[in-house]
Amino acid sequence: MKTGVELIAEERQRQIDVEGYNDEHDKNHDVDTFVKAAISYSIVDLDEEKGGDYGYACWPWDETYWKPKGRLRNLVRAGALIAAAIDRLQKDNK
């Protein structure tokens, strides 16, 4: 079984390789945008248990990009978005 760190790293690499969300793309978004997206995926499962829409309410991009899955997948995506935020922050502070 893969660790959480391994799953997050794989998802971040998939975002880069498959979705094209590389450094060039990511520089079009500020760090807070990635954090909001990560929060959205982090809380969507808690939110759905209560029948609300807090996860989506925080979503920073168009609704066509909002694609929550199961709890594990959502947390992995959230972790990868946090990794993207960290990468962006580090590049901004060079």
In the chain, whole DSSP H helices that both stretch 18 Å or further along their axis by alpha carbon positions and average at least 0.0 on the Kyte-Doolittle scale are 31-49, 71-92
The answer for chymotrypsin sites (Phe, Trp or Tyr not before Pro) in the chain that fall in a DSSP coil and have at most 12 neighbouring Cβ atoms within 10 Å is W61
So for R0 = 30 Å, FRET eff. of K2-H25 from the Cβ-Cβ r, to 0.05, ends up at 0.70
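What GluC sites (Glu not before Pro) does region 1-67 have in DSSP loop regions with at most 14 other beta carbons within 10 Å?
Filter output for region 1-67: E19.
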Per residue, accessible area of the chain with a 1.4 Å probe, heavy atoms of protein chains only, in Å², comes to 66
Lys pairs in the chain with Cα under 25 Å (8 or more apart in sequence, or on separate chains) total 13
Stretched fully, the stretch from R71 through Q90 gains (0.36 nm per residue minus C-alpha distance, one decimal, in nm) 4.0 nm
Excluding ligands, DNA and RNA, the carbon-plus-sulfur percentage of the accessible area of the chain with a 1.4 Å probe reads 54
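The values are calculated or read from the model by the stated rules, or taken from the named source; none is laboratory data. Values in this document were obtained by computation on a predicted structure and should not be read as measured data. A quick note on method: Cβ atoms are made from the backbone with ideal geometry, for glycine too, and the neighbour counts reach across all protein chains shown. Keep in mind that these areas ignore ligands, DNA and RNA; they rest on the heavy atoms of the full protein, side chains included. Shrake-Rupley method; radii C 1.70, N 1.55, O 1.52, S 1.80 Å.
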